[in-house]
Amino acid sequence: MGKKGKAQIFIEYAAARAFLSGLGMLPRPLATAVGRGIGHAAYALAGGLRRTGLRNLELAFPEKSVQERKEILRGSFVSLGRQLGEVSQFPRATPERLRAVVEYDSEDVKLLDLARERGRGVIFLTSHLGAWEILCFAHSVFYEPLSFLVRPIDNPRIEELVEGLRTRFGNQPIDKKAAARTAMRLLRQGGTLGVLADLNTQEREGVFVPFFGHLACTTAGAATLALRTDATVIPVCAPWDEKRRRFVFHGGPVIELVRTGDAARDVEINTERFTAAIEGHIRAYPDQWLWIHKRWKTRPAGESDIYARPVKNHTITSATHDTPPEEILKT
């Protein structure tokens, strides 16, 4: 894609700002209801994303019926919409309001304290499940500010808008393009880093490890950072709990690092262990994960495109619906 012109940047920014501001003016219950409604509408209208999601679910849950997969995917769209409604409330968020939205169990708080007592940096290993934006946002209010790796949105004005929301209570973004030294310094100084480690990556940036029984190219960055800094790695997520009517923080157990003496092998082994923890979260809350992302797009040499669609005697290579979640939500 070519570089965006000033007019396009402004129009996109104005639309995003107007939408978030309008949604944010609504009471939270109404804002999240509208967000869920948007999710239902997107499920019905976004045919390409729906096909990607159903293909992913076919790969992940071959034992489930088509109808079961459709229900999971619909839930995923609704979960995205719910988070959109919640993010719109960030400008008016207070500790009191957040306590009505996010809940930490006492055991999870103990785990965080124990991790800090180790005297090392902490990596929060997480995924695009439930309310990943709120997980980071609320932690800065209830516990302590943290840093997080992020890929900037390709519209600088929208990026500035979103960064302002994310950092209200002291969190700091680290641009993935220049993350290594900054993240390593942070962890060696005992800081906390949030890492989303569940998306497809290019082969030069990742390693192939099993994910729902299929090799998936996965970022090697989290394992590399952990091994070089001896950071404490805690898998975390914040799914919506319908009974509690809150997003509930779930953390642990700590993933102890494996060291074999072979640096490349260590990265692969630990990436596999990190990915298995993320898969466990997704299996527990399948209707709250980002199934519309082409998780298995990058293939080992010689393997065909998992997302290709056969038409008669020809195969159509799938279009790139690898839309980053921050572009989907504009957050």
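None of Lys110, Lys3 is closer than 25 Å to Phe142 by Cα, over 22 Å from the mean Cα position of the chain (by Cα) and charged (D, E, K, R) except Lys110. Looking across segment 243-277, the residues that are among the β-branched types (Val, Ile, Thr) and within 18 Å of the chain's Cα centre (by Cα) come down to Val248, Thr271, Thr275. Of the set (1) within 15 Å of Asn56 (Cα to Cα); (2) at pLDDT below 95; (3) part of a helix (DSSP H, G or I), all apply to Ile282 but (2). Going residue by residue through segment 251-267, is there one that turns out to be in contact with a Leu (Cβ under 7 Å, 6 or more places away or on another chain), at pLDDT below 95 and farther than 21 Å from Arg185 by Cα? Among the residues of segment 251-267, at least one is in contact with a Leu (Cβ under 7 Å, 6 or more places away or on another chain), at pLDDT below 95 and farther than 21 Å from Arg185 by Cα, which makes the answer yes.
Taking segment 115-143 as the range and being over 26 Å from Thr32 (Cα atoms) and either part of a loop (DSSP other than H, G, I, E, B) or of a type in the set (Val, Ile, Thr) (or both) as the test, the residues that pass are Arg118, Gly119, Arg120, Gly121, Val122, Ile123. Screening the candidates Ala183, Ala223, Ala197, Ala179 for the property of being touching a residue at least 60 places away in the same chain (Cβ under 8 Å) and of a type outside the set (Lys, Arg) yields one hit, Ala197. Screening Leu112, Leu149 for residues that are hydrophobic (A, V, I, L, M, F, W, C), closer than 19 Å to His281 by Cβ and part of a helix (DSSP H, G or I) leaves exactly one candidate, Leu112. If you go through segment 200-212 and pick out every residue that is in contact (Cβ under 8 Å) with a residue 12 or more places away in the chain and either over 20 Å from Ile123 (Cβ atoms) or small (Gly, Ala, Ser) (or both), you end up with 7. Taking segment 171-264 and the strands (runs of 3 or more DSSP E) fully enclosed by it, the elements with 2 or more residues that are in contact with a helix residue (DSSP H, G or I) (Cβ under 7 Å, 6 or more places away or on another chain) and within 22 Å of Tyr104 (Cα to Cα) are at 192-196, 232-237, 246-251. Looking across segment 1-58, not a single residue is closer than 24 Å to Leu199 by Cβ, exposed (fewer than 14 other Cβ atoms within 10 Å of the Cβ), in contact (Cβ under 8 Å) with a residue 40 or more places away in the chain and touching a helix residue (DSSP H, G or I) at 6+ places or on another chain (Cβ under 8 Å). Listed by first and then second residue, the pairs with beta-carbon distance under 7 Å, at least 6 apart or on different chains, first residue in segment 228-253 and over 17 Å from Val78 (Cα atoms) and free of Cβ contacts under 8 Å to residues at least 24 places away in the same chain, second buried (at least 23 other Cβ atoms within 10 Å of the Cβ) and among the basic types (Lys, Arg), form an empty list. In a residue-by-residue description of segment 29-37, the property of being more than 23 Å from the chain's Cα centre (by Cα), of a type outside the set (Lys, Arg), part of a helix (DSSP H, G or I) and under 21 Å from Leu165 (Cα atoms) applies to at least one position. Counting the residues of segment 152-164 that are in a helix (DSSP H, G or I) and buried (at least 20 other Cβ atoms within 10 Å of the Cβ) gives 2.
If you scan segment 84-106, which residues turn out to be surrounded by fewer than 12 Cβ atoms within 10 Å (Cβ to Cβ) and either in contact (Cβ under 8 Å) with a residue 12 or more places away in the chain or in contact with a Gly (Cβ under 9 Å, 6 or more places away or on another chain) (or both)? Residues satisfying the conditions are Arg92, Pro95, Ala100.
The values are calculated or read from the model by the stated rules, or taken from the named source; none is laboratory data. Quick caveat: nothing in here was measured; it's all calculated off a predicted structure. We place every Cβ from the backbone using ideal geometry, glycine too, and count neighbours over all the protein chains shown.
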